[in-house]
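The values are calculated or read from the model by the stated rules, or taken from the named source; none is laboratory data. Not measured: the values here are computed from a predicted model. Here Cβ is always computed from backbone atoms with ideal geometry, including for glycine, and neighbour counts include all displayed protein chains. In case anyone asks, the SASA skips ligands and DNA or RNA and just uses the protein heavy atoms, side chains included. Shrake-Rupley method; radii C 1.70, N 1.55, O 1.52, S 1.80 Å.
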Amino acid sequence: MAKKIFPLSKAYGLLETGPVVMMTTAHRGKANIMAQSWHTMMEFVPPLVGCVISGRNHSFDALVATKECVLNIPSVELAKQVVGVGNCSGSKVDKFSKFKLTAMPAAEVAVPLIDECFANLECRVVDARMVNKYNFFVLEVVKAWIDPARKNSRTLHHQGRGVFMVAGDTIKLPSRMA
């Protein structure tokens, strides 16, 4: 097979396969939502998630100030809201109202869950040493929620420039391959 050079600016789309999340934050009495796809699991127990958030995002300032957020995992049915949330600033728009999303109280953090999402992860920043250099936060999941009525939800995976992959099929393989 002949290979060809692939643009470096698009390389992240080959690796970025985690689902797009809608991160909620709250600061000074105002809740916000941002679409976020640059995250990675770092540890099983306690569950740690690393994520990159641009210092130009409204949510960045809230996360730095409060050290709390919720990672809300939407299914493909919320694709239009995910894109809309990602294309406007929470400093100018109440995204819950604009995109008809329902804020629900969290149990461990002072940040709302998004009810329409099939899963929600309440998080606290546990390591901010790489924030100044890379905008990289390490979050500990302190409470996790799932809607048991929604089985095998299909998730969105951002590949760049408005292109998404939809995942949802699951297969079970032997835990030990010969």
Practice item. Enumerate the calculated ³J(HN,Hα) couplings along segment 141-151 in order (Karplus 6.51 cos²θ - 1.76 cosθ + 1.60, θ = phi - 60°), each rounded to whole Hz, writing x wherever the residue is Gly or Pro. Key: 6, 9, 7, 10, 10, 9, 8, x, 6, 9, 8
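Leaving out ligands, DNA and RNA, what percent of the accessible area of the chain is carbon and sulfur, probe 1.4 Å?
On the way: 6490 of 11250 Å².
Heavy-atom surface of the chain belonging to carbon and sulfur, 1.4 Å probe: 58 percent.
Just how large is the dipole of segment 1-125 about the Cα centre, in debye to the nearest 20, putting +1 at every Lys and Arg Cβ and -1 at every Asp and Glu Cβ? Don't skip to the end; give the middle numbers.
Working: 13 positive and 10 negative charges, 124 e Å.
Dipole about the Cα centre, nearest 20: 600 debye.
I'd like to check one number: the per residue accessible area of the chain, probe 1.4 Å, reported in Å² as a whole number.
63 Å²
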Review point. Hey, what D do you get for the chain in µm²/s if you plug the Kirkwood alpha-carbon radius into Stokes-Einstein at 20 °C and 1.002 mPa s?
Key: 125 µm²/s
Check your understanding: Taking the C-alpha atoms of segment 120-162, how large are the radius of gyration and the largest Cα-Cα span, Dmax, in Å?
Key -> 14.9, 42
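Past 31 Å, Cα to Cα: identify those pairs from K133/K172; K100/K151; K30/K143; K10/K80; K10/K143, in the order given.
Details: K133/K172 40 Å; K100/K151 23 Å; K30/K143 22 Å; K10/K80 23 Å; K10/K143 34 Å.
Check vs 31 Å cut-off fails for K133/K172; K10/K143.
Please state the equivalent ellipsoid semi-axes for segment 1-77: what are the square roots of 5 times the Cα gyration tensor eigenvalues, largest first, in whole Å?
Numbers: eigenvalues 166, 46, 32 Å².
Equivalent ellipsoid semi-axes, largest first: 29, 15, 13 Å.
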